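Colleague: The structure that follows is given in the form of structure tokens.
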Amino acid sequence: MQSRKNNSLIKKLVFTIFIIAILRFINFIPIPYVEQQNIINLLNSNSSLQLFFNNKNLILNIFSIGIVPTLNASILMQFLINSVSYFKKLQKEEGQTGTQKIKQITRYLTLIFAIFQSFSVAFTIKPILFNWNIDICFEIVLLLTTGSMIVLWLSDLISEIGVGNGSSIVLATNIIATLPNILPKFNEVHFNFITLYNFFAFLFVILGIIYIQETIKKIPLITINQLYRENKQDKRKIRQFSYLPLKLTQGAVMPIIFSSVILAFLKSLITNLFNIFNVTFFTVQSLSIKFFFTFLNFIFIVFFNQLYSNLIINSKEIAKDLNKKGVAIENIRPGKNTVKYLKKIINRLSILGGISLGLLNFISQTNSVYSSGFNITSLIILIGVSSEISRKIEDRNM
């Protein structure tokens, strides 16, 4: 029996590696009409393209849009499920049929995002194309959109046949591909106080991310029938094995991403305003404005972590589900008391998680080890994917 499980696991791992190899190989096949050398100058002058390139890997290929539309569609679908009654019913009341409908809608949203982002890239690279016309534009959009949908299909295959969540693994693979560009920096490092700080700060951030992702608040649960039991030994077993798990950070990297998007918009807005009014003595690069944006970034991360946690975890829905199943939180009455208690716990956890995430983000920004292609967001994704895969492997071996 154990050997069958091992063989099944090996097949899944081999299949996952095979799909990743296909994705990495096609990443080096460029899109026609584009002079790849000209993208370097364009990339330096236009930050909108930096999302699709990793440092020196400046190849515009059919997979350049990649998994980004899928992630955007998944995030939007999460918001819709938690805020629109139609999608709530699909997920909770229609079972497998509802899950399939949600998955299909997510794919349509992925296609819409892919088309939009493909047009954005096509118009951005217009200055470096010598024979620009509408036919070439649509051809580039078609190639990029097709590539994105192929990535979606391959990531779904990993989820169904391979090991782990396909989208997360594809994203983690893209991050790992940037490591060769970072490793040469260590050859230039000289031992001094700054080097020592960078090393311990890097280690502290990794350990902090692991702690935040693995920390769970266990809320003891008890069934209605068990409330009438008087056997103390049974009650101890209930406390040990029956609980509601809540994480510190429900959104993982989402609070950092939301904060960075808002800050980028604010910086652009302030810079444009200064240029309009010819304000030359106060620039975005000054020390005071940097401190202001650093503080604002910290506040935004805490705020978005709380917002995202309350959106993903609906205390009223949890209280209803517990009541339907005949389960209650120990020492808390069902109904309004349970909702109030859950809201209080969720708010406390989200604030604590947001503060921890904000501090780790601040430490990572002061560390020269990180670069634009490898930062705290990359670490959170890599550690999250590694934990998920290791848990699935352990579950299969048990």
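The values are calculated or read from the model by the stated rules, or taken from the named source; none is laboratory data. Quick caveat: nothing in here was measured; it's all calculated off a predicted structure. Positions of Cβ are backbone-derived with ideal geometry, glycine not excepted, and every protein chain shown enters the neighbour counts.
Colleague: Being at pLDDT 75 or above and either touching a Cys at 6+ places or on another chain (Cβ under 7 Å) or of a type in the set (A, V, I, L, M) (or both) is the filter here, so list the residues in region 22-57 that pass it.
Modeller: If the condition is that a residue be at pLDDT 75 or above and either touching a Cys at 6+ places or on another chain (Cβ under 7 Å) or of a type in the set (A, V, I, L, M) (or both), then 22, 23, 26, 29, 31 are the ones that fit.
Colleague: OK, next. Can you tell which of 146, 124 is farther than 15 Å from residue 33 by Cβ and surrounded by fewer than 22 Cβ atoms within 10 Å (Cβ to Cβ)?
Modeller: 146
Colleague: Taking residue 66 as the residue in question, decide whether it is at positive phi and either touching a residue at least 12 places away in the same chain (Cβ under 8 Å) or in contact with a Cys (Cβ under 7 Å, 6 or more places away or on another chain) (or both).
Modeller: Working: at positive phi: yes; either touching a residue at least 12 places away in the same chain (Cβ under 8 Å) or in contact with a Cys (Cβ under 7 Å, 6 or more places away or on another chain) (or both): yes.
So residue 66 fits the description; yes.
Colleague: Could you grab me the full set of residues in region 155-164 that are closer than 20 Å to residue 108 by Cβ and surrounded by fewer than 21 Cβ atoms within 10 Å (Cβ to Cβ)? Talk me through it step by step, then tell me what you get.
Modeller: First, pick out the residues of region 155-164 that are closer than 20 Å to residue 108 by Cβ: 155-157, 159-160.
Matches in region 155-164: 156, 157, 159, 160.
Colleague: Can you tell which of 183, 142 is more than 21 Å from the chain's Cα centre (by Cα), more than 18 Å from residue 73 (Cα to Cα), modelled with pLDDT under 85 and not assigned by TED's automatic domain parsing to the domain that holds residue 357?
Modeller: Selected residue: 183, the only one of 183, 142 that is more than 21 Å from the chain's Cα centre (by Cα), more than 18 Å from residue 73 (Cα to Cα), modelled with pLDDT under 85 and not assigned by TED's automatic domain parsing to the domain that holds residue 357.
Colleague: While we're on this one: Do you know which residues across region 62-74 are surrounded by 16 or more Cβ atoms within 10 Å (Cβ to Cβ) and out of contact with any Phe, Trp or Tyr (no Cβ under 6 Å at 6 or more places or on another chain)?
Modeller: Correct list: 62, 63, 65, 66, 67, 68, 70, 71.
Colleague: What number of residues in region 5-21 are modelled with pLDDT under 85 and among the small types (Gly, Ala, Ser)?
Modeller: Final tally of qualifying residues: 1.
Colleague: How many residues are buried (at least 16 other Cβ atoms within 10 Å of the Cβ) and under 19 Å from residue 169 (Cβ atoms) if we restrict to region 79-106?
Modeller: Within region 79-106, residues that are buried (at least 16 other Cβ atoms within 10 Å of the Cβ) and under 19 Å from residue 169 (Cβ atoms) number 1.
Colleague: Looking at 361, 314, 397, 323 in this structure, which one is at pLDDT 80 or above and either in the same structural domain as residue 165 (by TED's automatic domain parsing) or over 30 Å from residue 179 (Cα atoms) (or both)? Explain how you work it out, then say what you get.
Modeller: On the way: 361 fails: either in the same structural domain as residue 165 (by TED's automatic domain parsing) or over 30 Å from residue 179 (Cα atoms) (or both); 314 fails: at pLDDT 80 or above; 397 fails: at pLDDT 80 or above.
Answer to the selection: 323.
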